[in-house]
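A short worksheet on the structure shown next.
The values are calculated or read from the model by the stated rules, or taken from the named source; none is laboratory data. Quantities reported herein were computed from a predicted structural model and do not represent experimental measurements. All Cβ positions, glycine included, derive from the backbone under ideal geometry; neighbour counts span all protein chains shown. The protein model used for the area step is the full one, side chains on, heavy atoms only, and it has no ligands, DNA or RNA in it. Shrake-Rupley method; radii C 1.70, N 1.55, O 1.52, S 1.80 Å.
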Amino acid sequence: MEFDYQITGGDFSSAGFASSHLKKILKQLGIQPRLIKKIVIAMYEAEVNIVAHAWQGWIHVRIEPQAIRLEIQDQGPGIEDIERAMEDGYSTASEEVREMGFGAGMGLSNIKNNSDDLEITSTVNEGTELTIIKKFQ
Amino acid sequence: MVVSDLVEQFGLVTYSGGEGMDRQVSGGYASDLLSDVMGNALEGQVWITLQTHKNVMAIASLKDLAAVILVKDHAPDEDAAAQSDAEGVPILGTSRQTFEMVGELYELFRAHEIV
């Protein structure tokens with residue numbers, strides 16, 4: 001099973017829509033609630049990262065018998081220092097985004113802590129790609 | 001314990017999501033950082049915050065929280081209240097500041113052995 005979401009940068013009013021849709025599908029598929037909770041956290045943070053940082057992005061969801069794979073790709077500023085971006089508390093979010101309670105530098109670690117595998121590649125001024133894998137076990 | 005018990009006990013304002021008054025309460029989480037709540041709050045908890053925008057509801061719904069309590073007389077943004085109504089997850093309010101609200105909730109939850 002595969003499907004796609006398009007996410008618009010800066011559109012905070014729609015943030016969470018894709019995650020909510022994915023949550024419903026995972027429930028319908030009878031995936032264990034504790035796994036759904038983790039997948040939804042990772043998906044939501046990926047979604048918010050696009051909204052908060054990029055111009056636009058796409059999330060391709062692939063549900064396989066043993067695992068779910070989220071392939072996230074955005075056009076945006078990219079990440080200069082991925083290692084630092086992974087550190088808790090480090091963020092390049094704007095003041096406006098921080099005032100909303102985002103940009104606390106916890107998003108990527110939330111993704112890492114709730115997935116089995118996370119790969120990030122990024123090119124500055126072009127965009128960022130994430131692959132998140134969570135096994136159904 | 002359900003959400004309406006908290007409304008009654010603490011004289012909370014119900015801004016929206018009145019249909020969710022019978023949602024079970026399993027504890028509380030206090031934070032104004034959205035990723036902190038996303039990563040750490042648990043299903044059935046009430047979320048105490050001063051954030052009033054729509055993303056609060058997105059998180060409350062994704063995390064299956066029992067309700068949101070806004071402190072210091074903050075009222076929800078219109079689109080947040082609309083989503084709260086649509087999903088039946090109440091947004092409540094109090095004039096107390098976070099420290100006081102959390103303290104009173106904690107005392108009540110301890111007395112009922114919820115936390």
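Per residue, chain B reaches -12000 deg cm²/dmol at 222 nm when only DSSP H runs of four or more residues are counted, each adding -39500 (n - 2.57). Each 5 Å bin from 0 upward holds the following percent of the Cα-Cα pairs of the protein assembly as shown: 1, 6, 14, 18, 19, 15, 13, 8, 5, 2, 0, 0.
Of all lysines in the structure, those lying under 30 Å Cα to Cα from A:K134, and not within fewer than 8 positions of it along the same chain, are A:K23, A:K24, A:K27, A:K37, A:K38, A:K112, B:K54, B:K63. Here's how it looks for A:A67: its modeled amide H is under 5 Å from those of A:F136, which are all 5 or more places away or on a different chain. Computed from Cα atoms, the angle from the helix A:17-28 axis to the main principal axis of chain A rounds to 20 degrees. Helix B:78-87 versus the longest principal axis of chain B: what is the Cα-based angle in degrees, 0 to 90, to the nearest 10? With both axes taken from Cα atoms, the answer is about 70 degrees. Here the dipole of the stretch A:2-135 is about 920 debye; that uses its Cα centre as origin and unit charges on the Cβ of Lys and Arg (positive) and Asp and Glu (negative). Rounded to the nearest 20 debye, the dipole magnitude of the stretch B:3-111 is 220 debye, with +1 charges on Lys and Arg beta carbons, -1 on Asp and Glu beta carbons, and the Cα centre as origin. Would you please state the base-10 log of I(q)/I(0) at q = 0.14 1/Å for chain B, with intensities from the Debye formula using one equal scatterer on every alpha carbon? Result of the Debye calculation: -0.45.
Counting Cβ atoms of other protein chains within 10 Å of each residue's Cβ and taking the mean over peptide A:94-100 gives 2. Surface exposure of chain B, expressed per residue as accessible area with a 1.4 Å probe, stands at 43 Å².
For the stretch B:56-71, putting each phi into the Karplus relation 6.51 cos²θ - 1.76 cosθ + 1.60 with θ = phi - 60° gives couplings of 4, 5, 4, 6, 4, 6, 4, 8, 6, 6, 6, 5, 10, 10, 8, 9 Hz, in residue order, rounded to whole numbers and with x for Gly and Pro. The charge dipole of the protein assembly as shown, taken about its Cα centre with unit charges on the Cβ atoms of Lys, Arg (+1), Asp and Glu (-1) only, comes to about 760 debye. According to the square roots a ≥ b ≥ c of the eigenvalues of the Cα gyration tensor, what is the shape class of the stretch B:33-85, taking rounded for a/c under 1.5, prolate for a/b larger than b/c otherwise, and oblate for the remainder? Cα axes put the stretch B:33-85 in the prolate bin.
Counting 0.36 nm for each residue step from A:M1 to A:D81 and taking away their Cα separation leaves a gain of 25.4 nm.
Averaging 1/r over every pair of different alpha carbons in chain A and inverting the result gives a Kirkwood radius of 14.9 Å.
Amide H contacts for B:Y15 (H built 1.01 Å from N in the peptide plane; partners 5 or more residues away or on another chain; cut-off under 5 Å): B:I91, B:L92, B:G93. Using the Karplus relation 6.51 cos²θ - 1.76 cosθ + 1.60 with θ = phi - 60°, the per-residue 3J(HN,Hα) values for the stretch A:100-114 come to 7, x, 8, x, 8, x, 10, x, 5, 6, 4, 5, 4, 5, 10 Hz, with x marking Gly and Pro.
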